[in-house]
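Engineer: Quick one: the structure is below, questions incoming.
Any read-out appearing in this document is the output of simple, stated calculations on the displayed coordinates, not a laboratory observation. These numbers were taken from a predicted model, which means no experiment stands behind them. We place every Cβ from the backbone using ideal geometry, glycine too, and count neighbours over all the protein chains shown.
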Amino acid sequence: TESDGYTNSEILAIENFVQRGGTVILMDDFGYSAQLASQFGLDYSGHRLYDGQAYAHELDYNYVWINTTSAYNFTTNSGSLSSVNPCLKDSDSDGIIDLLDIEPFNPDITTSGISLGDAGLCSHRFDPITSIWDFSEGYEILTNGPSAFEKDSSYNPVENRYAIGRSTLDSYLDTNDDGNLTVGFEAAGIQDDEQGPFAVYVRYCFDRLCIDSDSGRVHFVSDGSLLINSLYDPDFDSDYSGLIPSNDNRKWALDIIAEALLIGNSSTSATENAIVIFDESRHQQSNIGGDTYNLLYYLLIYFTNDWMAMLILFLGLFISLEAVLIRKEDPDEWRHVFRIIYYGFGDARRYEYYQRPQKIRQVLLTRIRNVNAMSREEFDALPAAELQRMVDDKVLTDFIFNDRRYKTDELVGIVKRIKDWGTTDTEGVA
């Protein structure tokens, strides 16, 4: 099912990360994040969202605007909570955020000479020409083929879920997935599409209203393409420049990142141990290699996290092994074949002299001279007939007088005869 994208162990790990003060941005529409969202009490509708008026007319109806007039009014009576974001926190309302204000609680003392570098992670909120900060709390977010969250679960202050961005009253959820607005008649048995508004951006706080700086945060958006290049920064490619209407997608993302990395800091720069992780393991690929990788990755995670799946896997491997053993033919009757030469570790160098008949011939002649107690001069002057009589072995005699190429097996046999010849003659003399 679609809700099987994250395993139970992964969901628990992410939840533990949020409980320890981490921030998660989850952008999805119909796919893998349903089970993860449900862990925080939120449900995806699983249907496309359309809007009859609030769409980008420069493009087409697939690009839907989400207007968040005040993204920091979490509830109807909470008032503005922009102070939870260090890039917007200005305690003395002097136009300088507290992180850069030398006297953050004294409006009579202001800080001047702030540069874009001083603004750090909040630089997207600062105009270096006018030295004016942007303290606006609303976002004009442009989505591409969004879905929506279920109305019953998207807003629940008791469980710390706050619907921040909604579609307009002219929006509808294509519940029958036909791509058209269907006006149903209950008497005729026709189910109509659900009318808006619907929550598209939901903020979850581990602690109430995210007031505590250590509170974990989860930002749920029912559109997985909110930060694609063409929407996030249309000027990155000349093909998109001027085509995409101006939007606040980039400002929204940078605000969340700055809020996550600067809370509890005394400067506008992130600490050395600050980490931003992009998890695209559930990002669908459109090629065969990517699909194969995703399938193998899913099977690996599934079979190593679910005990029933592991049991089925082991049973399948056991049955397959038994089938192989049953079909395997019995081996032939074993018999040992003796070989004079055994090539093991080091044997290639050990038997190098078997490839040099001349050296073996010299060893044989030296052995004959030593057995007969002859000097070199006497042995060198020995007639050939007398040498043949001393050897008294047709194979060795032929080896001495015939200089030809020998096979390795032949040379091994000659060496063995040389050893036997010397031993036999010595024992006979004794």
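Engineer: Select from Asn229, Tyr162, Gly264 the residue farthest towards the positive end of the dipole of the stretch 159-270; place +1 on Cβ of Lys and Arg, -1 on Cβ of Asp and Glu, and compute about the Cα centre.
Structural biologist: Gly264
Engineer: Taking 0.36 nm per residue of sequence separation and subtracting the Cα-Cα distance, how much length would be gained by fully extending the chain between Arg405 and Met310, in nm to one decimal?
Structural biologist: Length gained, Arg405 through Met310: 27.8 nm.
Engineer: Check cross-link reach from Lys419 to the lysines: straight Cα distance under 30 Å, and skip same-chain residues fewer than eight apart.
Structural biologist: Leaving aside lysines fewer than 8 places away in the same chain, those within reach of Lys419 are Lys359, Lys394, Lys407.
Engineer: Tell me, what is the FRET efficiency for Ala274 and Ser112 to the nearest 0.05, using R0 = 41 angstrom and their Cβ-Cβ distance as r?
Structural biologist: Using R0 = 41 Å, I get an efficiency of 0.90.
Engineer: Here is a further query. Which one, Leu311, Phe399, Asn67, is farthest towards the positive end of the dipole of the chain when Lys and Arg carry +1 and Asp and Glu -1 on their Cβ?
Structural biologist: It is Phe399, whose Cα lies furthest towards the positive end.
Engineer: While we're here: About the Cα centre of the chain, how large is the charge dipole given +1 on each Lys and Arg Cβ and -1 on each Asp and Glu Cβ? Please answer in debye to the nearest 20.
Structural biologist: Charge dipole of the chain: 3940 debye, to the nearest 20.
Engineer: Assuming 0.36 nm per residue, please report the length gained on full extension of the stretch Thr69 to Val363 beyond their Cα-Cα distance.
Structural biologist: 95.5 nm
Engineer: State the percent of C-alpha pairs, over all pairs in the chain, separated by a distance greater than 36 angstrom.
Structural biologist: So the pairs more than 36 Å apart make up 54 percent of the total in the chain.
Engineer: Next question. Any lysines with Cα under 21 Å of the Lys251 Cα? List them, leaving off those in the same chain fewer than 8 positions away.
Structural biologist: The reachable lysines, counting only those whose Cα sits under 21 Å from Lys251, are Lys89.
Engineer: Moving to a separate point now. Return the calculated 222 nm mean residue ellipticity for the chain, to the nearest 500 deg cm²/dmol, obtained by summing -39500 (n - 2.57) across DSSP H runs with n ≥ 4 and dividing by the residue count.
Structural biologist: The per-residue figure over the chain is -10000 deg cm²/dmol.
Engineer: Compute the angle between helix 408-429 and the longest alpha-carbon principal axis of the chain, please, reported from 0 to 90 degrees and rounded to the nearest 10.
Structural biologist: Helix 408-429 sits at roughly 40 degrees to that axis.
Engineer: Let me ask something additional. Quick one: net charge around Ser136, please, counting Lys, Arg +1 and Asp, Glu -1 for every other residue with C-beta under 12 Å from its C-beta.
Structural biologist: Net of charged neighbours comes to -3.
Engineer: Under 10 Å, Cα contacts only: if you run a Gaussian network model on the chain, which one of Arg208, Arg404, Arg250 comes out with the highest mean-square fluctuation?
Structural biologist: Arg404
Engineer: What ranking do Tyr298, Tyr50 get, fewest neighbouring Cβ atoms within 10 angstrom at the top?
Structural biologist: Listed from fewest to most nearby Cβ atoms, that is Tyr298, Tyr50.
Engineer: Here is a follow-up. Charges on Cβ only, +1 for Lys and Arg, -1 for Asp and Glu, centred on the Cα centroid of the chain; of Leu411, Leu387, Tyr32, which one is farthest towards the dipole's positive end?
Structural biologist: Leu387
Engineer: Name the most mobile residue of Ile109, Ile360, Ile256, meaning the one with the largest mean-square fluctuation, in a Gaussian network model of the chain with Cα contacts below 10 Å.
Structural biologist: Ile360
Engineer: Nearest 10 degrees is fine. How inclined is helix 8-19 to the longest principal axis of the chain, computing both from alpha carbons?
Structural biologist: Rounded to the nearest ten degrees, it is 50.
Engineer: Assuming R0 = 35 Å, can you tell me the calculated FRET efficiency for the pair Val395 and Met374, based on Cβ-Cβ distance, to the nearest 0.05?
Structural biologist: The value I calculate is 0.95.
Engineer: How far apart, in nm, are the 7 Å Cα→Cβ label points at Asp170 and Ser266?
Structural biologist: Inter-label distance under the simple model: 5.3 nm.
Engineer: Which residue, Glu386, Glu272, Glu137, tops the fluctuation ranking in a GNM of the chain built on C-alpha contacts under 10 Å?
Structural biologist: Glu386
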